[in-house]
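Novice: First the structure, which I've put down as structure tokens, then a few questions once you've had a look.
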Amino acid sequence: MFYHKVIGVTTFYLFVEGHAASPNVSGVLESIPGVKVIYRTKELEEQQAKSRIWNETWLSSFFYKPCNYELFVKQSLNMENAIFMARDAGMDWIIHLDTDELIYPAGASEYSLRQLLRDLPSDVDLVVFPNYESSVERDDIKDPFGEVSMFKKNYDHLPKETYFGLYREATRGNPNYFLTYGNGKEAARVQNELRPNGAHRWHNYMKTPNEIKLDNAAVLHYTYAKFSDLTSRRDRCGCKPTQEDVKRCFMLEFDRAAFIIASTATEEELLHWYREHVVWGDKDLRLKLLRKGILTRIYTPMAIIQALRESGVFSSVIANAPATLSRDKFMSSINSSNSSRDVPSVSFSSRKIGGEGENKASARKLLKIEAMAAEVAAVPPLSPPVWTDNDRSRIVERVAGGNSSI
């Protein structure tokens, strides 16, 4: 959060549960200016149970499934809550990030997310940030934001010949080019009828938004950057470590494989697997892919976080936070976060459509437009394009045609 403050973010809606919602932790979070902590209380769950999303089809294929599917729905409902809070607070833009992600605002006139968004044309509604994936070089990383500088670039930021020509070497026997998702995250201009479209995208009930994809800026995704991530992810899911059961629990192939190995292997076997599938220990391969542009070094976030740490900001906010939240403050925070407004359901009366003096044909037309917008299916975490025999044929043809760069 402090890193994102440096690049221009002013307000954070932090949805917490479990350890993050414990009094000692939440006391620190509540004390940070600009941070609004939303607890997963019974009141919030009851409120979200009344969301219009449950009556629509765009997210319905993810309903009532365990683990990653349940998380995906929960994130979408949290995003819906955040839209209303951001609108009430007069925010201009909103983006949904996990706590293992940092925005990298490359391409802006200054290292500033605020400046990057300010420079966009006024008719742009949605901005896709392709994601880069952390590529760790050791198995003993403790602080990914402060220790990881190598990233694998997104398909969208690479020449296609480079991507497919080096696909097998870049994948290293894993199911896909990226360990986890490859379809980035998206910022949305806060406006009427904005809705989530899954954890990675936004949409609008009343129009087709104008969406662009950035050529330089990215989301840095620090996935499986710590060896302990294997077991912590495992412990959050109660599925059986079988090929069949993991399919109903996880959307991506690597997550499935990681869950099975973390659930069945010894510590020694698990470390060997981690080194083989996650850690980039082959120096020659690293140098080759760095030269070709598949891998890249990014130091700025590391430098910013190191400077923040050395300034004493982190230790100070922890030291000065109340040791615990009083019950009154805790409940007050919950009430103000979760009960200050009901998420409005959609009704024609709330929009004054089809009422007295209103053209009923217009009301039907607007209802049809809204229904069409609602049907745009949620975008799940998606892997990047995969290597196929057709891609091999295209590259061979390019080589035969005299393309010496391949």
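Novice: What residue, of Ala89, Ala108, is surrounded by fewer than 17 Cβ atoms within 10 Å (Cβ to Cβ), among the hydrophobic types (A, V, I, L, M, F, W, C) and in contact (Cβ under 8 Å) with a residue 40 or more places away in the chain?
Specialist: Values: Ala108 fails: surrounded by fewer than 17 Cβ atoms within 10 Å (Cβ to Cβ).
Every option except Ala89 fails the conditions.
Novice: Does the range 239-269 hold any residues that are closer than 23 Å to Val73 by Cα and of a type in the set (A, V, I, L, M), and which are they?
Specialist: Val246, Met251, Leu252, Ala257, Ala258
Novice: With the condition kept exactly as written, say whether any residue in the range 61-68 is of a type in the set (Gly, Ala, Ser) and either under 27 Å from Val124 (Cα atoms) or open to solvent by less than 50 Å² (accessible area, probe 1.4 Å) (or both).
Specialist: Step one: filter the range 61-68 for residues of a type in the set (Gly, Ala, Ser), giving 61.
Pick out the ones that are also either under 27 Å from Val124 (Cα atoms) or open to solvent by less than 50 Å² (accessible area, probe 1.4 Å) (or both) and you get none.
No: the range 61-68 contains no residue that is of a type in the set (Gly, Ala, Ser) and either under 27 Å from Val124 (Cα atoms) or open to solvent by less than 50 Å² (accessible area, probe 1.4 Å) (or both).
Novice: Please count how many residues of the range 213-252 are among the hydrophobic types (A, V, I, L, M, F, W, C) and farther than 21 Å from Tyr299 by Cβ. Full working, then the answer.
Specialist: So in the range 213-252, the residues among the hydrophobic types (A, V, I, L, M, F, W, C) come out as 214, 217-220, 225, 227, 230, 237, 239, 246, 249-252.
Filter once more, so that each one left must be farther than 21 Å from Tyr299 by Cβ: 227, 230, 237, 239, 246, 249-252.
Summing the residues that are among the hydrophobic types (A, V, I, L, M, F, W, C) and farther than 21 Å from Tyr299 by Cβ in the range 213-252 gives 9.
Novice: A follow-up question, please. What are the residues in the range 235-262 that are small (Gly, Ala, Ser), under 24 Å from Tyr177 (Cα atoms) and open to solvent by 20 Å² or more (accessible area, probe 1.4 Å), if any?
Specialist: Kept after step one, since they are small (Gly, Ala, Ser), are these residues of the range 235-262: 238, 257-258, 262.
With the extra rule that they be under 24 Å from Tyr177 (Cα atoms), the set shrinks to 257-258, 262.
If the condition is that a residue be small (Gly, Ala, Ser), under 24 Å from Tyr177 (Cα atoms) and open to solvent by 20 Å² or more (accessible area, probe 1.4 Å), then Ala257 is the only one that fits.
Novice: Just name the residue that is most open to solvent (accessible area, probe 1.4 Å) out of those in the range 111-129 that are over 21 Å from Asn204 (Cα atoms), part of a loop (DSSP other than H, G, I, E, B) and in contact (Cβ under 8 Å) with a residue 12 or more places away in the chain.
Specialist: Per the criteria, the residue is Tyr111.
Novice: Still on this structure, please answer the following. Between Arg286, Arg234, Arg309, Arg275, which is in contact with a Phe, Trp or Tyr (Cβ under 8 Å, 6 or more places away or on another chain), more than 25 Å from Glu161 (Cα to Cα) and touching a residue at least 12 places away in the same chain (Cβ under 8 Å)? If you could, list the steps in order and put the result at the bottom.
Specialist: Numbers: Arg286 fails: more than 25 Å from Glu161 (Cα to Cα); Arg309 fails: in contact with a Phe, Trp or Tyr (Cβ under 8 Å, 6 or more places away or on another chain); Arg275 fails: in contact with a Phe, Trp or Tyr (Cβ under 8 Å, 6 or more places away or on another chain).
Going through Arg286, Arg234, Arg309, Arg275 in turn, the sole match is Arg234.
Novice: Now for a different question. Checking Asp139 against (1) part of a strand (DSSP E or B); (2) under 30 Å from Glu269 (Cβ atoms): exactly one of these is not met. Which one?
Specialist: Unmet condition: (1).
Novice: Can you name the residue in the range 150-175 that is of a type in the set (Gly, Ala, Ser) and open to solvent by 10 Å² or more (accessible area, probe 1.4 Å) and is also farthest from Gly293 (Cα to Cα) among such residues?
Specialist: Our first condition is that a residue be of a type in the set (Gly, Ala, Ser); within the range 150-175, this holds for 165, 170, 173.
Going one step further and asking which of them are open to solvent by 10 Å² or more (accessible area, probe 1.4 Å), we end up with 165, 173.
On the way: Gly165: 12, Gly173: 20 Å.
Out of the qualifying residues, it is Gly173.
The values are calculated or read from the model by the stated rules, or taken from the named source; none is laboratory data. What you see is a predicted model; the values in this text were computed from it and never measured. Glycine gets a Cβ as well: all are built from the backbone with ideal geometry, and neighbour counts include every protein chain shown. Keep in mind that these areas ignore ligands, DNA and RNA; they rest on the heavy atoms of the full protein, side chains included. Shrake-Rupley method; radii C 1.70, N 1.55, O 1.52, S 1.80 Å.
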